[in-house]
Amino acid sequence: MTDIKSMTLEELTAWLKERGEPAFRAKQIFHWLYRGVTSFDEMTDLSKALREKLSRQAFLTPPQVARKQVSKLDGTIKYLWELSDGNCVESVLMRYQHGNTVCISCQVGCRMGCAFCASTLAGKVRDLTPAEMIDQVLFTQIDSGAPISNIVLMGIGEPLDNFDTVMRFLTLVNHPEGMNIGMRHISLSTCGLVDKIDKLARYGLQLTLSVSLHAPDDETRSKIMPVNRSVGVEKLMDTCRRYVQATGRRISYEYAMIDGVNDSDAQADQLARLLKGTLGHVNLIPLNDVEESPLKPSRRVAAFQKRLERQGVTVTVRRKLGSDIDASCGQLRRKAMQSAQGMGGQTTNRKEDEVP
């Protein structure tokens, strides 16, 4: 059985030709896939014989809404999607003046172990397929009725740890016969897998690379981000400079503000020195509370921002959306897992259309 939605249009054309079907059928099927059909029977301009052939030889993996939370404050929607094997991942729809952005997952769980992130608490289960990534974008758009114009790969999982799948996803979501979302409307976030950043640079894509820095020194960063123990801040920054040189694209350095850990004046000064002369900007992130983590949100975001700006660093503060729902990445999946354990392992499909 073939995962037909993970195919490019060219691969689908070749696959159909091998089965005696004319090439033009591929574009018909491709269009149906990106309309969000959940079965081949919905492809009504195909013959019944071809639909039956597709059902025998290929499969679709549309996700189901396991839980849904809607913010009463700003309309942010958080989805917990149940996949075909029963695992769950999260997506978040965020509404901005410049358009609607969906933040999607690339893995079930994560093995990176960052101390401030709920996604990694249960480790990594498996990689997602290209189709499962595409479907988060597509079915968020269908369920919400909000056209998606921007994508952020910043949900559950490390995108560069699922490199080949993510590259195929980018090809598919960018395709003019599919969702046709341009690379400049896509952001990819990484905790800093330097070999994969170098590999990504060779593709020369015009997406935005977001590097989760979160500390300007090895001692602090290694405590909260285990990946740093084998890389180090200086090696990461050297890799980032090579990326900028190869692509000409500015890097966004993500910096979660953690109380008493990485928010001192001295660390702001060190961060400014680290970024001097680089093409990039700092995105300060007010930390979301994670029950299982002792790390708490900083109260010095504004002061830290001003100190960086006085030293010539371009700084933004991420707008905090969905503060009345489980906004932090991995929280909703974590709650569902705990609920399932409390029910003797049974999953729950309860929808939470609005959360007080």
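No value in this document is a laboratory result; all are computed from the given coordinates. Quick caveat, the model's predicted, so the values are computed rather than measured. Positions of Cβ are backbone-derived with ideal geometry, glycine not excepted, and every protein chain shown enters the neighbour counts.
Please order HIS98, HIS175, HIS185 by the number of other Cβ within 10 Å, starting at the fewest.
Exposure proxy ranking, most exposed first: HIS98, HIS175, HIS185.
Alpha carbon centre of segment 67-117 versus segment 173-239: separation in Å?
Here the two parts' Cα centres lie 19 Å apart.
Normalising by the residue count of segment 2-59, find the relative contact order in percent from Cα pairs under 8 Å and 6+ residues apart.
37 percent
Hey, if you put +1 on the Cβ of every Lys and Arg and -1 on every Asp and Glu Cβ in segment 139-292, which of MET237, ALA201, PRO147 ends up farthest toward the positive end of that dipole?
The listed residue farthest towards the positive side: ALA201.
What nm value, rounded to one decimal, do you get for the distance between ARG95 and ALA14 when each label is placed 7 Å out toward the C-beta?
Distance between the two pseudo-spin positions: 4.4 nm.
Rounding to the nearest 20 debye, state how big the charge dipole of the chain is about its Cα centre with +1 on each Lys and Arg Cβ and -1 on each Asp and Glu Cβ. Mind showing how you got there, number by number?
Numbers: 47 positive and 42 negative charges, 120 e Å.
Dipole magnitude for the chain comes out near 580 debye.
What is the dipole size for segment 167-236, taken about its Cα centre, with +1 at each Lys and Arg Cβ and -1 at each Asp and Glu Cβ, in debye to the nearest 20?
160 debye
Compute the angle between helix 48-57 and the longest alpha-carbon principal axis of the chain, please, reported from 0 to 90 degrees and rounded to the nearest 10.
50 degrees
Going 7 Å from the Cα of ASP85 toward and past its Cβ, which residues in segment 103-129 have a backbone nitrogen under 16 Å from where you end up?
Under 16 Å, as judged by backbone N against the label point of ASP85, lie 106-111, 123-129 of segment 103-129.
For segment 232-269, which trypsin sites (Lys or Arg not before Pro) pass both filters: DSSP loop (anything but H, G, I, E, B) and at most 14 other C-beta atoms within 10 Å? Let's see the in-between values first.
Working: sites: LYS235, ARG241, ARG242, ARG249, ARG250; in loops: ARG249, ARG250.
Those satisfying the criteria are ARG250.
If you take mean projected area of the Cα convex hull in nm² from the coordinates, which of [x] 19.6; [y] 18.6; [z] 24.1 do you get?
Recomputing mean projected area of the Cα convex hull in nm² here gives the entry labelled [y].
Taking loop as defined by DSSP and a crowding limit of 15 other beta carbons within 10 Å, which trypsin sites (Lys or Arg not before Pro) in segment 8-82 fit?
The qualifying sites are ARG19, ARG35, LYS72.
To the nearest 10 degrees, how steeply does helix 331-342 sit against the main Cα axis of the chain, on a 0 to 90 scale?
70 degrees
Let me check I've understood the local charge: for LEU170, count other residues with C-beta under 13 angstrom from its C-beta, Lys and Arg +1, Asp and Glu -1. What total comes out?
Neighbour charge sum, excluding LEU170 itself: +1.
Determine the dipole magnitude for segment 4-142: charges of +1 sit on the beta-carbon of Lys and Arg, -1 on that of Asp and Glu, nothing else is charged, the reference point is the Cα centre, and the result goes in debye to the nearest 20. Write out the running numbers ahead of the final one.
Numbers: 18 positive and 15 negative charges, 29 e Å.
The calculated dipole for segment 4-142 is roughly 140 debye.
If you add up the charges near ASP265, with Lys and Arg at +1 and Asp and Glu at -1, over every other residue whose beta carbon is less than 15 angstrom from its beta carbon, what do you get? The partial results should precede the final answer.
Numbers: positive: ARG273, ARG299, ARG300, LYS306, ARG307, ARG310; negative: ASP217, ASP259, ASP263, ASP269, GLU309.
Once all neighbours under 15 Å are counted, the net charge is +1.
Can you figure out the FRET efficiency of ALA122 with HIS281, using R₀ = 30 Å and their beta-carbon distance, to the nearest 0.05?
0.35
Tilt of helix 130-144 relative to the longest C-alpha principal axis of the chain, in degrees (0 to 90, nearest 10)?
90 degrees
Within a Cβ distance under 15 Å of ALA246, other residues only, what is the Lys/Arg minus Asp/Glu net charge?
Every neighbour counted, the sum reads +4.
Per DSSP H run of at least 4 residues, take -39500 (n - 2.57); add these up for the chain, divide by its residues and hand me the 222 nm value, nearest 500 deg cm²/dmol. Spell out each step's value before the answer.
Working: 11 runs with 120 residues, N = 356.
Theoretical 222 nm ellipticity from helices: -10000 deg cm²/dmol.
With a ≥ b ≥ c taken as the square roots of the eigenvalues of the C-alpha gyration tensor of segment 1-70, please select rounded if a/c is under 1.5 and otherwise prolate if a/b is larger than b/c or oblate if it is not?
Details: a/c = 2.11, a/b = 1.88, b/c = 1.12.
Prolate, since a/c reaches 1.5 and a/b exceeds b/c.
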